[in-house]
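**Student:** This structure is in structure tokens; I'll ask about it shortly.
The values are calculated or read from the model by the stated rules, or taken from the named source; none is laboratory data. Quick caveat, the model's predicted, so the values are computed rather than measured. We place every Cβ from the backbone using ideal geometry, glycine too, and count neighbours over all the protein chains shown.
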Amino acid sequence: MPALGRAALLLSFGLVLYALVAGSYAAWRRRRRLALSAQNALLASFLTTAIAAGILWAALARRDFSFVYVSQHISHSLPLGYALSAFWGGQEGSLLLWLLILSGYAALAVWLNRGTRELMAWVVPVLAGVAGFFAFMLCFVSSPFDTAPAPADGAGMVPSLQNPYMLAHPPLLYLGYVGLTIPFAFAMGALLSRRTDERWIVATRRWTLTAWTFLGVGQLLGAHWAYVEIGWGGYYAWDPVENAALMPWLAATAFLHSVMIQEKRGMLKVWNMVLVALAFCLSIFGTFLTRSGVVSSIHSFSQSPIGGWFLGFIVVCVVFSVALIYLRLPILRARTKLESLVSREATFLYNNLLLVAFCLTILWGVTYPLLTQALRGETRSVSKPYYDFFLHSFGLPLLLLMGIGPLVAWRRASVRALSRMFLIPFGVAAATGVALVAAGFGSSPPGLLAYTFSAFVLASIVLEFVRGRRATGSVVRLIGRNRRRYGGYLVHAAIVLLAIGIAGSSSYQTVREHALRQGQSMEIAGYTLTYNGLGSKQEANALATRATVDVSRGHSHVATLHPGKNTYPVEKTTSNEVSIYHDPRNLGDVFLIADQIDPNGTLYLKALVKPLVNLIWAAGFLFVFGALVALWPDAVEQRRLAERYASGAVAA
Amino acid sequence: MTLALVLGGVLALAAVAFVARPFLREPAPASDRLDEPGEPERRRLALAEERDHALAALKELEFDHRTGKVSDEDYRSLVGPLRRRAAEALRSLEPRAEGRHERVRSSR
């Protein structure tokens, strides 16, 4: 079977290489049958890659330790679900996942846009070029099908990866990372074919939104995984690999906003091309950071020699994109100009500048250790205060703009109309700020600002729905007529919940640490924690030791928690297993970590009370709902676009 | 190993046949030229986009006016040029857009 896996991957490489070379020639020389043949090669590469992926999954399920990849990542005692998730737990498997998703996406894009041959003629070679890099890596640099005499048992899986979130978090992130290849390929295809009309935007609108949604949900799941599994009490630590996923998401967020200006006003064509290329290059950079091990990260589960290849590919992608955009500048001129600095499109522009500035400061922070190592021979890195400074500097104005944007009209807005629109949200924000200061929440200025701005944004969103309902007669009709706008508002509301949750759980959290003997108690933020004993249980893959801690508030018992540690005999390691009480009264958590358990039974208990933290996870559901509303097809728009592109329908 | 080789060979043959399909289906086509929109089609597309932009902008303006984001004064100064732009784009797309052109005129 490993031989068949290698053969399938070699076939994938041959097919995408053919799609690249034959497709480029066909697009250049305008050869119809050759272009179709290149498309077929791309479609076939999905099948061959799926076969290779199926073989690896089967080997993981059967625990076939003759596969080096299998013996290095799982063991006999590992439950089946985690064994299957090892597909993306290691470098070779995750490269194969990249190729599998990309070839699947590419096949779907080719099939959906089979009527738009002249644009697809150039899109196919671009997609094939990206797929070709990953297929090359899998065939010649980092194969998942290397074999060796089978050991009696495998090395097992890193304990922190043995978590249900790992079944969904990496694939969702990859669906997002890889999904950004499609808008990139269409944008480059449009430039190569000199078709700078909106066809490429129409064709990729949903692709971008889908990839962006996957990336956002993947990051939230990753944050929740870190929260419940890593055992330090946080959910985001500005880790390079976490940042690597955030950067393309920020670039894609900027693009989703600025592309609306191109669609409505015909402006920002160059800027949109730059953002699409930036988001794609950052997604490759994210994969490079995760997989190369060049930076120290809790998420870099492997050290490998693939870094140089990735760096080379990123350079090729950047040079290719910049050169192509530069060469096509004359045909990317805007038809119209910004009429006023106080208009909806102007607020989108400010939002774009802030998003990209934030993205670039994170990029600088992530690459700083690499640059200092390369230039000065010593690794220096930036830490939390650097990122927090820029989060406050760019994040808070972005939050405020989310409230301002919807209240401002397109083209231009008069002072009278603005003052009327801003009156209620401004009043709500001011009242919230005053109430918070009076309640003693003025201790953290960023937290106070975040809450006040959040109140402003929520008030403006609610007003938008109320005024819109008045104008159209019903909320359903209102949303139905403009799904993208109102889906976007729901996503904005989700971001507000996220901001409130982050501000509450970071600026206003309480932390205490005590050594407790059985029967002793400690106090924290109105809760009493009583340590009532210790127990052990043998699980399938670990020995679980758990303390019993009763949580009470006033005289009422509210929960019994079991923080502890897992000892993994195969992996020869121990992990912290946290225990959490979700308090419905303040939407926060009592978060317990058994930092140390002495042989005499003394428990070194670290407790955190994190108000409003559950709003972060609730935001995820609203985020997905808003994205689905925005993604839902609009029959009227579909008909209009079909009529516009009558000579070749576009799958929007 | 032998089975893998046979399966790999079958897979390769199937892939080659699928890739060669356009040539096998049309060994001697009347034209092998990839369609490329001519100047009239590019112009029609540009006008259709212009028409859609103008109509969308009118729709947005109406909605912003009804929800109070645009004052009466701003509305009056913005609506005229937008209607003219939409009408011009529709006129240029005649006869395809005759119906819509009439609708815009009657809404003035």
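**Student:** Conditions first: (1) within 23 Å of A:Val609 (Cα to Cα); (2) out of contact with any strand residue (DSSP E or B) (no Cβ under 6 Å at 6 or more places or on another chain). A:Gly231 passes all but one, so which condition is the exception?
**Tutor:** Condition not satisfied by A:Gly231: (2).
**Student:** So B:Val19 passes all but one of these: (1) more than 9 Å from chain A (Cβ to nearest Cβ); (2) crowded, with 19+ Cβ neighbours inside 10 Å. Which condition number does it fail?
**Tutor:** So B:Val19 meets the others, but not (1).
**Student:** What pairs come out if I take residues in segment A:87-110 that are touching a residue at least 40 places away in the same chain (Cβ under 8 Å) and pair them with residues that are aromatic (Phe, Trp, Tyr) and outside any helix (DSSP H, G or I) whose C-beta lies under 9 Å away, six or more apart or interchain?
**Tutor:** Filtered contacts from segment A:87-110: A:Gly89/A:Phe301; A:Gly90/A:Phe301; A:Gln91/A:Phe301; A:Glu92/A:Phe145.
For every residue, the table says whether it meets (1) within 22 Å of A:Ala41 (Cβ to Cβ); (2) over 29 Å from the mean Cα position of the chain (by Cα).
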residue	(1), (2)
B:Val19	yes, yes
B:Pro22	yes, no
B:Glu26	yes, yes
B:Pro29	yes, no
B:Asp32	yes, no
B:Arg44	no, no
B:Glu50	no, no
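Per-residue answers, yes or no, for (1) under 34 Å from the mean Cα position of the chain (by Cα); (2) among the small types (Gly, Ala, Ser):
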position: A:Ser414; (1), (2): no, yes
position: A:Arg420; (1), (2): no, no
position: A:Gly427; (1), (2): no, yes
position: A:Ala430; (1), (2): yes, yes
position: A:Leu458; (1), (2): yes, no
position: A:Glu464; (1), (2): yes, no
position: A:Arg469; (1), (2): yes, no
position: A:Arg483; (1), (2): yes, no
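**Student:** Of the residues B:Leu34, B:Leu58, B:Leu47, only one is surrounded by 14 or more Cβ atoms within 10 Å (Cβ to Cβ), within 7 Å of another protein chain (Cβ to nearest Cβ) and touching a helix residue (DSSP H, G or I) at 6+ places or on another chain (Cβ under 6 Å); which? Don't jump to the end; show me each part of the working.
**Tutor:** Numbers: B:Leu58 fails: within 7 Å of another protein chain (Cβ to nearest Cβ); B:Leu47 fails: within 7 Å of another protein chain (Cβ to nearest Cβ).
Going through B:Leu34, B:Leu58, B:Leu47 in turn, the sole match is B:Leu34.
**Student:** Please count how many residues of segment A:182-227 are touching a Phe, Trp or Tyr at 6+ places or on another chain (Cβ under 7 Å), farther than 30 Å from A:Val609 by Cβ and assigned to a helix (DSSP H, G or I).
**Tutor:** 15
**Student:** Would segment A:587-603 turn up any residue that is surrounded by fewer than 20 Cβ atoms within 10 Å (Cβ to Cβ) and among the aromatic types (Phe, Trp, Tyr)?
**Tutor:** Checked against the condition, which is being surrounded by fewer than 20 Cβ atoms within 10 Å (Cβ to Cβ) and among the aromatic types (Phe, Trp, Tyr), segment A:587-603 yields no hits at all.
**Student:** Would you please name the residue that is modelled with the highest pLDDT, looking only at residues in segment A:417-449 that are of a type in the set (Ser, Thr, Tyr) and surrounded by 13 or more Cβ atoms within 10 Å (Cβ to Cβ)? Spell out how you get there, then give the answer.
**Tutor:** Step one: list which residues in segment A:417-449 are of a type in the set (Ser, Thr, Tyr), which gives A:419, A:432, A:443-444.
With surrounded by 13 or more Cβ atoms within 10 Å (Cβ to Cβ) added as a condition, the list becomes A:432, A:444.
Details: A:Thr432: 95, A:Ser444: 86.
Within segment A:417-449, the match that is modelled with the highest pLDDT is A:Thr432.
**Student:** In addition: Filter segment A:191-200 for residues that are closer than 19 Å to A:Val322 by Cα and surrounded by fewer than 24 Cβ atoms within 10 Å (Cβ to Cβ) and give the result. Even if it seems obvious, please write down each step before you answer.
**Tutor:** Narrowing segment A:191-200 to residues closer than 19 Å to A:Val322 by Cα: A:191-196, A:200.
A:Leu191, A:Leu192, A:Ser193, A:Arg194, A:Arg195, A:Thr196, listed by residue number.
**Student:** In the set A:Ala190, A:Ala135, which member is within 26 Å of the chain's Cα centre (by Cα) and within 14 Å of another protein chain (Cβ to nearest Cβ)?
**Tutor:** Details: A:Ala190 fails: within 26 Å of the chain's Cα centre (by Cα).
One residue alone meets the criteria, A:Ala135.
**Student:** For A:Trp111, work out the one condition from (1) in the same structural domain as A:Ser77 (by TED's automatic domain parsing); (2) among the hydrophobic types (A, V, I, L, M, F, W, C); (3) within 18 Å of A:Leu43 (Cα to Cα); (4) buried (at least 19 other Cβ atoms within 10 Å of the Cβ) it doesn't fulfil.
**Tutor:** (4)
**Student:** Identify the residue in segment A:595-649 that is among the aromatic types (Phe, Trp, Tyr) and more than 29 Å from the chain's Cα centre (by Cα) and, among all such residues, is farthest from A:Gly504 (Cα to Cα). Spell out how you get there, then give the answer.
**Tutor:** Here is the first cut: in segment A:595-649, the ones among the aromatic types (Phe, Trp, Tyr) are A:604, A:617, A:621, A:623, A:625, A:632, A:645.
Subset that is more than 29 Å from the chain's Cα centre (by Cα): A:604, A:645.
Working: A:Tyr604: 26, A:Tyr645: 50 Å.
Going through the qualifying residues, I end up with A:Tyr645.
**Student:** Could you grab me the full set of residues in segment A:175-210 that are of a type in the set (S, T, N, Q) and over 22 Å from A:Leu100 (Cα atoms)? Even if it seems obvious, please write down each step before you answer.
**Tutor:** Narrowing segment A:175-210 to residues of a type in the set (S, T, N, Q): A:181, A:193, A:196, A:204, A:208, A:210.
Answer for segment A:175-210, where residues must be of a type in the set (S, T, N, Q) and over 22 Å from A:Leu100 (Cα atoms): A:Ser193, A:Thr196.
**Student:** Continuing with the same structure: Quick one: A:Leu311 ticks every box in (1) at pLDDT 95 or above; (2) under 30 Å from A:Met137 (Cβ atoms) bar one, so which box is it?
**Tutor:** That leaves (1) as the condition not met.
**Student:** If you check B:Pro40, B:Pro29, B:Pro22, which single one turns out to be assigned to a loop (DSSP other than H, G, I, E, B) and out of contact with any strand residue (DSSP E or B) (no Cβ under 8 Å at 6 or more places or on another chain)? Walk me through it before giving the result.
**Tutor:** Working: B:Pro40 fails: assigned to a loop (DSSP other than H, G, I, E, B); B:Pro22 fails: assigned to a loop (DSSP other than H, G, I, E, B).
The unique qualifying residue is B:Pro29.
**Student:** While we're looking at this one, here's another question. Among the listed residues A:Ser77, A:Ser71, A:Ser85, identify the single one that is under 27 Å from the mean Cα position of the chain (by Cα) and more than 14 Å from every other protein chain (Cβ to nearest Cβ).
**Tutor:** Details: A:Ser77 fails: under 27 Å from the mean Cα position of the chain (by Cα); A:Ser71 fails: under 27 Å from the mean Cα position of the chain (by Cα).
Unique residue meeting the criteria: A:Ser85.
Here is a yes/no grid of residues against (1) at pLDDT 95 or above; (2) in contact with a helix residue (DSSP H, G or I) (Cβ under 9 Å, 6 or more places away or on another chain); (3) under 15 Å from A:Trp271 (Cα atoms):
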site: A:His299; (1), (2), (3): no, yes, no
site: A:Val322; (1), (2), (3): yes, yes, yes
site: A:Leu332; (1), (2), (3): no, yes, yes
site: A:Glu345; (1), (2), (3): no, yes, yes
site: A:Val356; (1), (2), (3): yes, yes, yes
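**Student:** Since A:Ala50 meets every condition but one in (1) in contact (Cβ under 8 Å) with a residue 40 or more places away in the chain; (2) at the interface with another protein chain (Cβ under 7 Å from one of its Cβ atoms), which condition does it not meet?
**Tutor:** The one condition A:Ala50 does not meet is (2).
**Student:** Of the residues in segment A:45-60, how many are under 25 Å from the mean Cα position of the chain (by Cα) and within 27 Å of A:Ser77 (Cα to Cα)? Steps first, answer last, please.
**Tutor:** Start the filter on segment A:45-60 by keeping residues that are under 25 Å from the mean Cα position of the chain (by Cα), which leaves A:46, A:49-50, A:53, A:57.
Applying the additional criterion that residues be within 27 Å of A:Ser77 (Cα to Cα) yields A:53, A:57.
Qualifying residue count for the region: 2.
**Student:** Does A:Val408 satisfy the condition of being at pLDDT 90 or above, surrounded by 20 or more Cβ atoms within 10 Å (Cβ to Cβ) and out of contact with any Gly (no Cβ under 8 Å at 6 or more places or on another chain)? Steps first, answer last, please.
**Tutor:** On the way: at pLDDT 90 or above: yes; surrounded by 20 or more Cβ atoms within 10 Å (Cβ to Cβ): yes; out of contact with any Gly (no Cβ under 8 Å at 6 or more places or on another chain): yes.
So A:Val408 passes the test.
Okay, residues lined up against (1) in contact with a strand residue (DSSP E or B) (Cβ under 8 Å, 6 or more places away or on another chain); (2) modelled with pLDDT under 95; (3) away from chain B (no Cβ under 14 Å):
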residue	(1), (2), (3)
A:Glu577	yes, yes, yes
A:Val590	yes, no, yes
A:Asn600	no, yes, yes
A:Pro611	yes, yes, yes
A:Asn614	yes, no, yes
A:Gly620	no, no, yes
A:Leu631	no, yes, yes
A:Val636	no, yes, no
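**Student:** If you check A:Ala148, A:Ala128, A:Ala135, A:Ala187, which single one turns out to be in contact (Cβ under 8 Å) with a residue 60 or more places away in the chain, surrounded by fewer than 24 Cβ atoms within 10 Å (Cβ to Cβ) and among the small types (Gly, Ala, Ser)? Show your work before the answer.
**Tutor:** Details: A:Ala128 fails: surrounded by fewer than 24 Cβ atoms within 10 Å (Cβ to Cβ); A:Ala135 fails: surrounded by fewer than 24 Cβ atoms within 10 Å (Cβ to Cβ); A:Ala187 fails: surrounded by fewer than 24 Cβ atoms within 10 Å (Cβ to Cβ).
Among A:Ala148, A:Ala128, A:Ala135, A:Ala187, only A:Ala148 is in contact (Cβ under 8 Å) with a residue 60 or more places away in the chain, surrounded by fewer than 24 Cβ atoms within 10 Å (Cβ to Cβ) and among the small types (Gly, Ala, Ser).
**Student:** If A:Thr336 passes every condition in (1) within 30 Å of A:Ala245 (Cβ to Cβ); (2) surrounded by fewer than 19 Cβ atoms within 10 Å (Cβ to Cβ); (3) hydroxyl-bearing (Ser, Thr, Tyr) but one, which one does it miss?
**Tutor:** (1)
**Student:** So which pairs qualify, if the first residue must be in segment A:248-265 and more than 14 Å from every other protein chain (Cβ to nearest Cβ), the second must be outside any helix (DSSP H, G or I), the Cβ gap must be under 9 Å, and the two must be at least 6 apart or on different chains?
**Tutor:** A:Pro248/A:Leu180; A:Ala251/A:Leu180; A:Ala252/A:Leu180; A:Ser258/A:Met267; A:Ser258/A:Leu268
**Student:** Working only within segment B:62-74, note down all residues that are buried (at least 20 other Cβ atoms within 10 Å of the Cβ) and either within 7 Å of another protein chain (Cβ to nearest Cβ) or β-branched (Val, Ile, Thr) (or both).
**Tutor:** Step one: filter segment B:62-74 for residues buried (at least 20 other Cβ atoms within 10 Å of the Cβ), giving B:63-65, B:67, B:69-70, B:74.
Once the filter is applied, which keeps residues that are buried (at least 20 other Cβ atoms within 10 Å of the Cβ) and either within 7 Å of another protein chain (Cβ to nearest Cβ) or β-branched (Val, Ile, Thr) (or both), segment B:62-74 yields B:Phe63, B:Asp64, B:Thr67, B:Lys69, B:Val70, B:Asp74.
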